[in-house]
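Structure, as structure tokens:
Only the coordinates and a few stated rules stand behind these numbers; no lab work does. Predicted model only: the values in this text are computed from it and were never measured. Quick reminder, even Gly has a Cβ in these numbers, built from the backbone with ideal geometry, and neighbours come from all protein chains shown.
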Amino acid sequence: MHFRRVAAVLSLLTSVPLGGASAQGSKTFYRGSDVAWVGAFSIASYGISRFDPQVTKYFQQRKEQLDPTLRGFANAFTHIQETTLTLAGLATYGVARLAHAEATSAVALHATEAIVSRSLTSQLIRGPLGRARPKDAIPKFEDQYEFHWFRGFGHFEYRAFPSIHSASAFAAATAVVVEMRYRSPRSNAYVAPVAYLLAAGPGYARVYLGQHWASDVFMGAFMGTFYGSRIVEYSHQHPDNSGDRFFLGARAQNGLSVVPTRGGLSMSYGLRF
């Protein structure tokens, strides 16, 4: 089944540090090798962009637009975006903190951090680039290379690349998947396919509604996956980082603590006074 192969590739991507094996325990959030990842996916996005008009026009066909099931899915998933996901993450984090559910609060916090970080990065790209949305391009649904430099900041119709809907969904999904790999590895066989199937929904909706090109969605998915994976990885490699200390409280416990990491174990000794 094609979806299972896609889910397997995404799971593999999030099981490998985006900076490579040498990045284990890196002291910085961003790494030099990130440039290669961004370059590779940018080139892939350009390759996909060559087919953007064909993909967009397929979904704009009358039979596709009048299909009640496809329309219903699109209308539902288009509401899953950075605002709704951020609010849901904050609400889950708040309830979990009140209930002293430490694992749930950590997962919700890291997912929310990934969504917000990715959103800020995307805005810094969309504003200067000013790529026209498919429905606003001239000719409509045809010119995927119409750019209005620096007009993306003030004009909604020129904020196509990358898709924030897709990036937000994949940021949240990846954060959950990577957290589950640390906390309950066996459950990921069920969590990852469901998480990424749901994450693909907003991207599909935006293409169906003529708001984004396929290449916008692809690059958004990469950015979301990057931040979702990196934030969780960094948190587990640096459990005493200032962000987690502030929002989750001190993790130190009396005695010896042994935490599994990729390639070995992390040992620490904590003592509360």
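A compact globular protein would have a Cα radius of gyration near 2.2 N^0.38 Å; the ratio found for region 52-238 is 1.08. The aspartates and glutamates whose alpha-carbon is closer than 20 Å to the alpha-carbon of K63, local same-chain residues fewer than 8 away aside, are D52, E142. With θ taken as phi - 60° and the Karplus curve 6.51 cos²θ - 1.76 cosθ + 1.60 applied, the whole-hertz 3J(HN,Hα) list for region 114-119 is 5, 5, 5, 4, 5, 5 Hz, x standing for glycine and proline.
The alpha carbon gyration tensor of region 153-210 gives principal lengths a ≥ b ≥ c with a/c of 1.5 or higher and a/b no greater than b/c, which makes the shape oblate.
When peptides 125-133, 238-246 are sorted by average Cβ neighbour count within 10 Å, with the highest value leading, the order is 125-133, 238-246. Among the GluC sites (Glu not before Pro) within region 97-176, not one is in coil by DSSP while having at most 10 neighbouring Cβ atoms inside 10 Å. Under 15 Å from a point 7 Å along the Cα-to-Cβ line of I125: which residues of region 34-75 have their amide N that close? Answer for region 34-75: 34-49.
Exposure proxy ranking for S187, S122, S168, based on other Cβ atoms within 10 angstrom of each Cβ and starting from the fewest, stands as S187, S122, S168. Residue by residue, region 91-99 carries 3J(HN,Hα) couplings of 5, 5, 4, x, 5, 5, 5, 5, 8 Hz when phi is fed to the Karplus relation 6.51 cos²θ - 1.76 cosθ + 1.60 (θ = phi - 60°); x denotes Gly or Pro.
Between S184 and F73, the modelled labels are 2.7 nm apart [label points 7 Å from Cα along Cα→Cβ]. The H on the amide N of R131, modeled in the peptide plane, is under 5 Å from the matching H of H148, A160, F161, each at least 5 residues off or on a different chain. Bridging of K27 to aspartates and glutamates at a Cα separation below 19 Å is possible for E113, E233, D240, D244, once same-chain residues fewer than 8 apart are set aside.
Within region 47-127, the chymotrypsin sites (Phe, Trp or Tyr not before Pro) that combine a DSSP coil assignment with at most 16 other C-beta atoms in a 10 angstrom radius are F51.
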